[in-house]
Every structure is written in C-alpha cells, then in structure tokens.
Amino acid sequence: MIDLYRAIQNGSINGRTIRKYLEREGTQLLEKGEAHYYYIRERFNECGDPFDFIFLSRSCFNGMMRFNKKGGFNVPFCRKPERFRPALITKIVNQVEWAAKAMEGKDWQFLVQDWRLTVGSARAGDVIYCDPPYVGRHVDYYNGFTEEEADALAQSLIASEAGFALSMWLENKYRRNDYVDRLFSDYPQRTMEHFYHVGPQEKLRNAMTEVVVLSENVAATPAEVPESPLPLFERAELMDV
Ligand SMILES: C[S@@+](CC[C@H](N)C(=O)[O-])C[C@H]1O[C@@H](n2cnc3c(N)ncnc32)[C@H](O)[C@@H]1O
C-alpha cells in the first residue's frame with residue numbers, strides 16, 4: 001500500500017497509466033478467467049508492483065486484503081472475469097486522480113516503520129492517526145500484536161506532545177473492548193456503527209461499534225472534511241456520541 005501511494009506521488013501511477021494497465025489486464029482476465037488472476041497474484045508476490053496491487057484489490061474475493069505468514073497476498077479470485085468493465089476502470093482512474101490531487105504540493109513522505117519510531121518522532125502541532133491491529137480479536141492478524149504492545153502504544157500516544165486519533169473496535173452484541181475503557185475513558189470519543197460483510201462464517205458478519213479516540217486538542221479542532229466522493233479506500237462516516 002505504501003508503494004502504491006509512492007507511485008501515485010511520483011506520478012508513475014496516474015489516470016492514464018492505470019487506465020492503460022487495467023484495460024490490458026482486464027481484457028486478459030476476460031479471456032483467460034481465473035488463471036489470469038492467479039498469474040497476477042503470483043507476479044505481485046514476486047515483484048510487489050503497485051499496479052498489480054490495484055488489480056488484485058479490485059478483483060479479489062470481497063476486496064479483502066489478507067497476507068500469509070510469508071507476506072504473500074493470498075485472497076482468492078472474486079470469480080467475475082468480466083470485472084474490469086469500463087465503468088469500474090473509470091472509477092479507479094478517478095480514485096487515483098483524486099489521491100494524486102490530495103498529495104499535490106505537499107511535502108509528504110510515506111514510510112513503513114515500527115510505530116515506536118513514528119510516535120517517537122512526532123512533535124507538538126503534529127497529529128498522529130493510529131490504526132493499529134484490533135486488540136482482543138486475534139483471528140484478524142498473524143502478526144502477533146500483543147495486548148502488552150497495544151498498552152505500550154496507548155501509553156506512548158498519551159505521553160506524546162502531538163495530538164492523536166486512534167481507531168479501535170468498541171463493542172458488538174457479545175462483548176465490549178475493555179482496552180478503550182481502561183486506557184481512554186477520559187478522552188473524547190466518536191463512534192460509528194459498522195457492518196462487517198467480510199467473514200469466514202455468516203455469524204461473524206455482525207454489526208460492530210467502532211470508536212475513534214481523540215486527544216483533547218484534536219477533538220477541539222473543527223474537522224475539515226475534504227470533498228472526496230471517490231476515495232481509494234472506503235471512508236468511514238463519524239458520528240458524535
Ligand atoms: C488495522 S490495520 C491498518 C490498516 C490501514 N490503516 C488501512 O486502512 O489499510 C493495522 C496495521 O498495523 C500493522 N502493524 C502491526 N504491528 C505493527 C508495528 N509494530 N508497527 C507498525 N505497524 C504495525 C499491521 O501490519 C497492520 O497493517
């Protein structure tokens with residue numbers, strides 16, 4: 001994902017190049033069916049080309065992002081060889097152009113690094129948006145983000161002179177996340193209902209209340225919501241509690 005944003009930032013992926021790529025690979029998918037999807041998936045797992053990442057994210061099962069322990073993308077095909085119709089290609093082109101416009105003239109750096117480095121380098125006036133693995137939901141990740149690590153992350157956000165926004169699950173009809181109550185009960189929170197359409201079993205596809213915990217200074221700043229009808233990845237609507 002970082003490589004994708006870098007490619008949009010340096011212009012190698014733009015509206016024209018992604019259209020050309022998707023028209024070519026979409027035609028191949030139509031002709032060869034799932035064999036072509038798996039060919040691209042293998043190529044992506046060898047080379048990590050962000051063009052292929054877009055192809056996979058838009059033609060895999062349920063648009064899911066899942067990687068195996070070795071870091072290989074392992075989501076199966078959505079089984080729709082006709083997936084890349086002109087309307088979808090145009091939608092993706094618009095999303096890429098929207099992202100490019102958002103980055104224009106900004107001195108942004110996209111980095112992959114441990115959260116300790118990122119949080120540690122933030123200064124007063126910065127805002128940290130933190131979207132860590134959900135605690136207490138081990139089914140979701142292979143990467144072993146432990147409760148201790150989650151607690152350490154919360155402590156370092158609280159100790160940081162920068163503002164923060166932290167997203168986390170809050171509750172579903174079975175249980176409530178004690179992490180949020182234990183560490184952030186004094187902090188402003190915004191919640192939203194979210195319905196999980198992705199899950200191995202029907203009964204796991206439940207409504208969930210998600211929360212964004214904010215530092216006081218971030219909560220006090222009026223939100224500027226940019227016009228973005230076509231984001232690259234799904235946007236959440238936030239509601240006040
Ligand atoms: C909820 S996901 C974030 C999803 C992302 N914000 C998005 O919209 O696609 C949590 C991420 O934290 C990453 N992660 C796990 N341990 C980490 C660590 N020690 N430092 C930084 N990131 C970590 C995981 O690999 C995973 O991608």
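Every number in this text was worked out from the coordinates using simple rules, so none of it is lab data. No experiment lies behind these values; they were computed from the predicted model shown. Methodologically, a virtual Cβ is constructed for each residue, glycine included, from the backbone with ideal geometry; neighbour enumeration extends over all protein chains shown.
Things worth noting here:
- Two-site FRET efficiency, LYS20 against GLU224, from Cβ-Cβ distance with R₀ of 41 Å, rounded to 0.05: 0.75
- Shape summary: the range 20-80 maps onto an equivalent ellipsoid whose semi-axes, from the alpha-carbon gyration tensor, are 18, 13, 10 Å in decreasing order.
- Beta bridges by DSSP in the chain, antiparallel share as percent, to the nearest 5: 80 percent
- Approximate shape of the chain as ellipsoid semi-axes (Cα gyration tensor, √5λ), whole Å, largest first: 33, 22, 17
- Selected from GLY163, GLY136, GLY71 as most flexible by GNM, with the chain as the system and alpha-carbon contacts under 10 Å: GLY71
- At R0 = 45 Å, FRET efficiency that the Cβ-Cβ distance of THR209 and THR27 yields, to 0.05: 0.55
- Mean ellipticity per residue at 222 nm, deg cm²/dmol - from DSSP H runs of n ≥ 4 across the chain, formula -39500 (n - 2.57): -12500 deg cm²/dmol
- Highest GNM mean-square fluctuation among LEU117, LEU29, LEU153, for the chain modelled with Cα contacts below 10 Å: LEU117.
- q = 0.18, 0.20, 0.21, 0.24 Å⁻¹: log10 I(q)/I(0) that the Debye formula gives for the range 2-103, counting C-alpha atoms only: -0.84, -1.03, -1.12, -1.38
- Beyond 31 Å in Cα-Cα separation lie the following of the pairs LYS80/LYS173; LYS32/LYS70; LYS32/LYS91: LYS80/LYS173.
- Surrounding net charge for ILE13, when Lys and Arg each add one and Asp and Glu each subtract one, Cβ distance under 13 Å: 0
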